[in-house]
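This report concerns only the one structure given below.
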Number of protein chains: 2
Amino acid sequence: MAELLRVQGYAATGIQQLARTAGAPTGSIYHHFKGGKREVVAAALRQTGAVYIQLLPLLLDQHADLATGIEAAFATAADDVGHTGWANMCPVGTVTGEIADVEPELREVAAGVIASWVDEGTRYLASRGLSDADARAVTYAVLSALEGGFLLARGQRSAEPLLAAGRAISTYVATLPVTAPASAENQST
Amino acid sequence: MAELLRVQGYAATGIQQLARTAGAPTGSIYHHFKGGKREVVAAALRQTGAVYIQLLPLLLDQHADLATGIEAAFATAADDVGHTGWANMCPVGTVTGEIADVEPELREVAAGVIASWVDEGTRYLASRGLSDADARAVTYAVLSALEGGFLLARGQRSAEPLLAAGRAISTYVATLPVTAPASAENQST
DNA sequence: GTCTATATTGTGATAGAC
DNA sequence: GTCTATCACAATATAGAC
């Protein structure tokens, strides 16, 4: 479901299409998800949230310098978007834009997922030496630039927006003070 | 139509709802827009593109320093989003996310609108003293952060993402070299 | 050109046989 | 619990009277 959602969005993805893709009849879906389409989408969003949250340390731990790590992460995202035919990378972003003012329950689910990303990102960046306030601001800036970059990249069929956004955020992060030395590899202490 | 699109998105906005809102019957719409819903949406996107492109100099000319001007523009956008009950501010962003992989013709229209924004933004920022390459990169970064900030702000019902994104881009711009003195008010030369 | 009524298709959701 | 057939409704789009 998350696969379909991130490419087609909420309204364009039907339960019957999901059933065909998954090889299960529509009745079974309604048996397991009594809330119907909304509940299926909510589950997909929550699952995506839990998966994507693990990417953060995976991408950034390998770079001693936070700023270069962030720019590299955006470059990786840009590569992925290009190699998958400019399909969206984040169902949460696609769905949020579509339903934020129309489906209150789903909006709350999406908000919860994003809030968990913000919390986790803030914690991680603080462990890399940023102040708590800076860590939270950077997390929001990264998520904004990333989701917006995905949007523009899909529309323009170009990696340029994501690369430009990555360089901007990276340069911003490089100006922030860090408490630990820049070469710190032990962000767990 | 642009009004409805930016709040509800493409799929959730029906031609009959547009007819009710506009006070005109559905038949008239199909008489003037023979391409149906797609053509109406395309016209709305193009019109929005032409209107929003005028906001750029309006917002930034009043600040002698480019970086503070950009941060102020994001703050203004954040205020607007909050005062309108977290409705989206940009139909182009909402629609692009929804149809980029599903409606090729509309995707091209949206891409054209965004491309015109990039061209105009690049020209303007170059006239404010940035190199051509920097001007283009900053324009893409601003648009990415702005669209992503709108998305997160709507989802979280908070101005925080937009403000954080604005500060990030502003700080980035402040690090770039400018050819003219920072207090230049004549960006037309 | 403007508007009404309708054709047609596809949707989410359900009832009920296995 | 799994699957088939179907209901009820809303969507886009059109035909045709004024």
Average other protein chain Cβ within 10 Å of Cβ, residues A:135-142: 6
Within 10 Å of each Cβ in A:102-111, the average number of Cβ atoms from other chains: 3
Cα→Cβ-extended label distance, 7 Å offset, between A:THR84 and B:GLU3, nm: 3.7
Positive-end residue of B:THR48, A:GLN62, B:TRP117, charge dipole of the protein assembly as shown with Cβ unit charges: B:THR48
Relative contact order computed over chain B (Cα-Cα under 8 Å; 6+ residues apart), in percent: 28
Other protein chain Cβ atoms within 10 Å, averaged over every residue that makes up A:75-85: 0
Cβ-vector label at 7 Å, A:PRO104, separations to other copies in nm: 4.2
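Quantify, in whole percent, the carbon and sulfur part of the accessible surface of the protein assembly as shown (1.4 Å probe; protein heavy atoms only).
55
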Inter-copy spacing of A:ILE53 label points, which lie 7 Å from Cα along Cα→Cβ, given in nm from shortest upward: 4.3
Cβ charges +1 (Lys, Arg) and -1 (Asp, Glu), total dipole of chain A, debye: 500
Scattering profile of the protein assembly as shown at q = 0.07 Å⁻¹ [log10 I(q)/I(0), Debye over alpha-carbon scatterers]: -0.31
Backbone HN-Hα couplings from phi across region A:20-37 [Karplus 6.51/-1.76/1.60, Hz, Gly and Pro as x]: 4, 4, 7, x, 10, x, 5, x, 4, 4, 6, 6, 7, 10, 5, x, x, 4
Region A:95-189: GluC sites (Glu not before Pro) in DSSP coil with no more than 11 other Cβ atoms inside 10 Å: A:GLU185
Under the Debye formula (equal points on every Cα, no solvent term), log10 I(q)/I(0) of region B:42-174 at q = 0.20 Å⁻¹: -1.24
Projected label distance in nm at A:THR21 and A:SER131, using a 7 Å step from Cα toward the beta-carbon: 4.5
Highest average packing first - B:55-61, B:21-27, Cβ atoms within 10 Å: B:55-61, B:21-27
A:ALA50/B:ASP119 FRET efficiency (R0 41 Å; Cβ-Cβ; nearest 0.05): 0.50
Position B:ARG157, label points 7 Å along Cα→Cβ, spacing to each other copy in nm (shortest first, one decimal): 4.0
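The values are calculated or read from the model by the stated rules, or taken from the named source; none is laboratory data. Given the structure is predicted, the values throughout are model-derived calculations rather than measurements. So basically every Cβ, Gly included, is an ideal-geometry build from the backbone, and we count neighbours across all protein chains shown. Please note that ligands, DNA and RNA were not included when accessible areas were found on the heavy atoms of the full protein model with its side chains. Shrake-Rupley method; radii C 1.70, N 1.55, O 1.52, S 1.80 Å.
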